[in-house]
Amino acid sequence: MQFAKGHGTQNDFVILPDLDATIELTEARVSALCDRNRGIGADGVLRVARAGVLVETGVLDVLPDGVEADHWFMDYRNADGSVAEMCGNGVRVFAHFLRASGLESGDEFVVGSRAGARPVIVHSVAGATADVTVAMGAVRELGTSTATVAGQEFTGLGIDVGNPHLACVSDDLTAAALAELDLTTAPEFDASFFEHGVNVEILTPIRDGGVDMRVYERGVGETRSCGTGTVAAAAAALRADGRAEGEVRVRVPGGEVVVTVADGSATLRGPSVLVASGSLDESWWSSLGR
Ligand SMILES: N[C@@H](CCC[C@H](N)C(=O)O)C(=O)O
């Protein structure tokens, strides 16, 4: 079984090209693959197949909104094996992989996700690195809620960008104080507000056109970046600045991306790096629980 490994601002993924969608991606297998000691190690898994094939094989019940049978589909799983609707860094890496592997030759194409169609523009591919913009779809504000991180309560804006986020802009927070925040344990949140769990972003207000952000991802833990999280963060930071639209540079521990919010939707531009490819040992794979 072939795999590749890549990351978008150090949010890293194991990529599994599976054009016939025959791989049984159980929770046990995904979590073993993503385990940094007993597997390859990653924040998530991206299965590569056409959307129609995933419906035919029963991985998807139906084609999500705007996704056509011949669109490429990013079948995304979190490191704990759970399925999530969308992954913004994942889409950039997925698009880069399609180009690097020759599965796709265009600069503009659609990547399907469970949250719907996500058109991409591949601006450049140079060596192991690509620069990709993803149209992230609608940014829906859900209202105010709170999260408690290491005993400290943060108020934030619930935002749905295909998956759920609570983006907490903290007025006096500096980049240095943010870096000190203890994010080793899961933030507490209002489970009646976020029935399906939530990704929590803590960020500074906009200063010089940018924010600093850290994230605790549902199904993963703290990651060095989260693309959908940067979109939620940018939208919340713009709101806190009295604006509904604008461009925001979002600095995360793993690098920097640019988010543009306009007309109730957003684009996300940033890098992708493909670092390795190889094959999984078949006996190891089949020894994993189903
Ligand atoms: N890292 C991703 C988001 C992955 C899904 C998330 N953990 C969830 O469960 O919603 C990104 O780049 O957007």
Exercise. Can you check what the net charge comes to around Gly158, using other residues whose Cβ is under 12 Å from the Cβ of Gly158 (Lys, Arg +1; Asp, Glu -1)?
Key: -3
Self-check item: Spherically averaged projected area of the range 105-155 from its Cα convex hull (nm²)
Solution: 6.4 nm²
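Tell me the net charge near Asp131. Cut-off is 15 Å between Cβ atoms, Asp131 excluded, with +1 for each Lys or Arg and -1 for each Asp or Glu.
Its environment carries a net charge of +1.
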Exercise. Starting from the alpha-carbon convex hull of the chain, give the projected area averaged over all orientations, in nm².
Key: 14.5 nm²
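Output the relative contact order of the chain, whole-number percent, from Cα pairs under 8 angstrom with separation of 6+ residues.
20 percent
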Quiz item: For the residues His96, His123, what sequence is obtained by ranking on other C-beta atoms within 10 Å, fewest first?
Solution: His123, His96
Quiz item: Which whole-angstrom value gives the distance between the alpha carbon centres of the range 117-135 and the range 220-265?
Solution: 18 Å
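Using a Förster radius of 35 Å, what is the FRET efficiency between Ser265 and Val83 based on their Cβ-Cβ separation? Nearest 0.05, please.
0.90
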Quiz prompt | Cβ-based exposure ranking for Val149, Val55, in which fewest neighbours within 10 Å come first | solution = Val55, Val149
Quiz item: Where Lys and Arg each count +1 and Asp and Glu each count -1, what net charge lies around Arg218 among other residues with Cβ under 11 Å from its Cβ?
Solution: -3
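I need the calculated FRET efficiency for the pair Asp107 and Thr184, taking r as the beta carbon distance and R₀ as 45 Å, to the nearest 0.05.
0.65
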Quiz prompt | Peptide ranges 229-236, 23-30, 1-8 listed from the most packed, as the mean C-beta count within 10 angstrom indicates | solution = 229-236, 1-8, 23-30
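Coordinate-derived values only; no laboratory data. Values in this document were obtained by computation on a predicted structure and should not be read as measured data. Methodologically, a virtual Cβ is constructed for each residue, glycine included, from the backbone with ideal geometry; neighbour enumeration extends over all protein chains shown.
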